[in-house]
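S.K.: My questions all concern the structure below.
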Amino acid sequence: MQIYNVDLPQVIIEKIREQALVIALDKPSVAVQWYDMVFEKIFSLESMSERCPESSESQYFTYVVRRLLIGNYRLLFRMVGDTVRVLDFKGGGQSLVI
């Protein structure tokens with residue numbers, strides 16, 4: 001089984017943190033659990049990243065964009081050699097902006 005490096009840009013970490021802070025306004029303990037779960041799912045991409053289907057956003061690029069569903073959110077990423085490059089973290093209805 002291939003092991004991949006996960007390249008998670010600081011801007012994506014900040015987006016996740018900001019969403020956790022919004023959740024915390026209403027339910028602080030849920031926000032902590034949600035935050036931990038999101039990162040657990042992201043780093044699950046270290047193995048079997050190919051399990052994630054191609055995203056509809058791929059049509060706009062010369063490379064394959066894959067998606068990992070995390071609750072009502074989508075993590076968009078691409079695979080480059082032995083690295084999973086995270087491109088964006090979006091709410092269900094948002095489209096990709098890079």
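Coordinate-derived values only; no laboratory data. Remember, it's a predicted structure, so these values are computed and weren't measured experimentally. Cβ sites come from the backbone with ideal geometry, for glycine too, and all protein chains shown count toward neighbours.
S.K.: State the number of residues belonging to the stretch 1-43 that are touching a strand residue (DSSP E or B) at 6+ places or on another chain (Cβ under 8 Å), within 21 Å of residue 83 (Cβ to Cβ) and either surrounded by 14 or more Cβ atoms within 10 Å (Cβ to Cβ) or of a type outside the set (S, T, N, Q) (or both).
M.R.: Residues flagged as touching a strand residue (DSSP E or B) at 6+ places or on another chain (Cβ under 8 Å), within 21 Å of residue 83 (Cβ to Cβ) and either surrounded by 14 or more Cβ atoms within 10 Å (Cβ to Cβ) or of a type outside the set (S, T, N, Q) (or both) within the stretch 1-43 amount to 14.
S.K.: Related question: Condition first: of a type in the set (A, V, I, L, M, F, W, C) and more than 12 Å from the chain's Cα centre (by Cα). Now tell me which residues in the stretch 12-32 satisfy that. Break it down stepwise before answering.
M.R.: At the first step, the residues of the stretch 12-32 found to be of a type in the set (A, V, I, L, M, F, W, C) are 12-13, 16, 20-25, 30-32.
20, 21, 22, 23, 24, 25, 30, 31, 32, listed by residue number.
S.K.: If you scan the stretch 38-88, which residues turn out to be touching a Leu at 6+ places or on another chain (Cβ under 7 Å) and β-branched (Val, Ile, Thr)?
M.R.: The answer is 42, 65, 84, 86.
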